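Participant: Could you have a look at this structure, given as structure tokens, before my questions?
What follows draws every value from the coordinates through simple rules; no lab data is involved. Predicted model only: the values in this text are computed from it and were never measured. For neighbour counting, all protein chains shown are included, and Cβ atoms are generated from backbone atoms with ideal geometry for every residue, glycine included.
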Amino acid sequence: MNGTTNGKKRPARTRPQCDHGQRRNMVIASLLGDIFQGRLGAGEHLVIHALAKRYQVSPTPIREALVALEANGILDLVPNCGAIVRKVTAADVREICQVRRALECEAIREACGRIELAKLQELAVTFRELQAARRPTQRFLARARQADSLLHDLVADASCNRFLAKQIGRLKLLFRAFRDVAWEYEKDHLRIVSEAGEHLAIIEALLAGDAKAASRAMAQHIRSGSKYWSRLFSAS
């Protein structure tokens, strides 16, 4: 019989739900983009229900995102007042990148020799193609973002230190918001090409199994990004 199994009603199908963590991360990324691009200004009071409507989610991931951003120094949670947007300065960016360098250099030392060579070789091809690109189309930017994120995720995951990977994961949306705002604001094709070269240096060290060289290349890449991002925030 239709809708039954051996005379019993089949359980109703439920609609697949978006992962709760994905919703929270989407809200964090959206808030960071709006703050860094000036759509939410320093000193602005953020209202949970207004943000829920803005990002089309329930209040719960909004609350969690605000707590996460307060922990990262982007917002202040004031009793009986709610969330207040902080001004992000060039000094803040440099300090955040200093923490990033410590975490990711340790991660890459642990990850060296543990990442599939085929994945690294595939990424090397992508970064060489990005180096050779002549103009920053939207497809070029999307591919550069994807390759950058994938390499850093591979390193964190292969470190085999779940606490270290968790700390990198907690901060990576912040790093990527800096990256995306800088690339979109500056439209700087040469910087993206330069980053592709920095990523290639990291990959080549990993392919050679040289943990010290990989750590040096990662440190140089993060220092370079810190100078670029902090200059942008200083100007804004």
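Participant: Restricted to the range 34-47, and to residues that are surrounded by 16 or more Cβ atoms within 10 Å (Cβ to Cβ) and not charged (D, E, K, R), which residue is nearest to residue 76 (Cα to Cα)?
Facilitator: Among those that are surrounded by 16 or more Cβ atoms within 10 Å (Cβ to Cβ) and not charged (D, E, K, R), it is 46.
Participant: Follow-up. Got a sec? Which helices (runs of 4 or more DSSP H) wholly within the range 20-89 have at least 1 residues that are touching a helix residue (DSSP H, G or I) at 6+ places or on another chain (Cβ under 9 Å) and under 20 Å from residue 182 (Cα atoms)?
Facilitator: Helices (runs of 4 or more DSSP H) meeting the threshold: 20-36, 59-71.
Participant: When the range 120-172 is examined, which residues are found to be crowded, with 20+ Cβ neighbours inside 10 Å and at positive phi?
Facilitator: Correct list: empty.
Participant: I've got another one for you. When you scan the range 102-115, do you find a residue that is part of a loop (DSSP other than H, G, I, E, B), more than 25 Å from residue 211 (Cβ to Cβ) and in contact with a helix residue (DSSP H, G or I) (Cβ under 8 Å, 6 or more places away or on another chain), even just one? First the steps, then the outcome.
Facilitator: The initial filter retains those residues of the range 102-115 that are part of a loop (DSSP other than H, G, I, E, B), namely 112-115.
From the residues that got through so far, the ones that are more than 25 Å from residue 211 (Cβ to Cβ) too are none.
Checked the range 102-115: no residue is part of a loop (DSSP other than H, G, I, E, B), more than 25 Å from residue 211 (Cβ to Cβ) and in contact with a helix residue (DSSP H, G or I) (Cβ under 8 Å, 6 or more places away or on another chain).
Participant: For the range 83-96, state whether one or more residues are of a type in the set (Ser, Thr, Tyr) and over 26 Å from residue 165 (Cβ atoms).
Facilitator: yes
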